Amino acid sequence: MIHKFWCICVVLIAVAAASSENKILGEVELQGASKVERDSGVWVDGQYLGYLKELKGDKKILLLPGEHDIVVRQDGYEDFQTRVNLQPAEKQTVTVKMAKDLRFKMPSVYSEVKLAVNPNRAAVFVDDLFVGHASEFDGLVHSLLVAPGHRKITISLPGYQTFQTEVDLAPKQKFRLRTDLLKAPGSVATSASN
């Protein structure tokens, strides 16, 4: 009987702690109308969090009160940028609308890069420019088209060590890159399915 009493007390304390935490943090919910927005990468205060469609549920964006810069990026589109000022326990919804970057031009001759990355939700950068997440560039019909030449490929995900490599690609070359990201020391990162 006393054991059950202590178990119930521990559960109630944990629930109270969780609800008090929610009274401090604010939440930002990002909404996008099209696949372009939903597959775009999200940065908060310069830190990559993931792509828009996955940042909900247990991956929702919870932030300390105050001002925060939000940037949403997609290859071939202008960055969507906004600043939010959160109050404790406040929830703000931000509608993301990506606009085509008229300066973006596909190369007339290109190389093809296929990625097999675990976890496949990691962000992919070519020459320090965000191009998408790894799952977009794997499979039979999906690949990353880049201009031939020397390219730096970076794969990054919070909770994991960043992977970087440099490749020299010939015109029309097909290149396959496989890697398993290593968990960062002291991290409790988990992999998620789409």
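Does ASP127 meet the test of being touching a Phe, Trp or Tyr at 6+ places or on another chain (Cβ under 6 Å), modelled with pLDDT of 90 or more and of a type in the set (D, E, K, R)? Considered against the rule, which asks whether it is touching a Phe, Trp or Tyr at 6+ places or on another chain (Cβ under 6 Å), modelled with pLDDT of 90 or more and of a type in the set (D, E, K, R), ASP127 comes out as no. The lone criterion from (1) out of contact with any helix residue (DSSP H, G or I) (no Cβ under 8 Å at 6 or more places or on another chain); (2) part of a strand (DSSP E or B); (3) farther than 20 Å from ALA184 by Cβ left unmet by TYR48 is number (3).
Taking residues in segment 76-103 that are closer than 18 Å to VAL36 by Cα, and partners anywhere that are assigned to a loop (DSSP other than H, G, I, E, B) and among the basic types (Lys, Arg), the pairs with Cβ atoms closer than 8 Å and at least 6 places apart or on different chains are PHE80/LYS97. Counting the residues of segment 80-112 that are buried (at least 20 other Cβ atoms within 10 Å of the Cβ), within 20 Å of the chain's Cα centre (by Cα) and not in a loop (DSSP other than H, G, I, E, B) gives 2. Among the residues of segment 141-164, those identified as in a strand (DSSP E or B) and over 20 Å from the mean Cα position of the chain (by Cα) are LEU145, VAL146, GLY149, HIS150, ARG151.
Among residues of segment 45-67 being under 10 Å from the mean Cα position of the chain (by Cα) and among the hydrophobic types (A, V, I, L, M, F, W, C), the one that is nearest to PRO158 (Cα to Cα) is LEU49.
The values are calculated or read from the model by the stated rules, or taken from the named source; none is laboratory data. Because the structure is a prediction, the values reported are computed rather than measured. Using ideal geometry, Cβ is built from the backbone for each residue, glycine included, and neighbour counts are taken over all protein chains shown.
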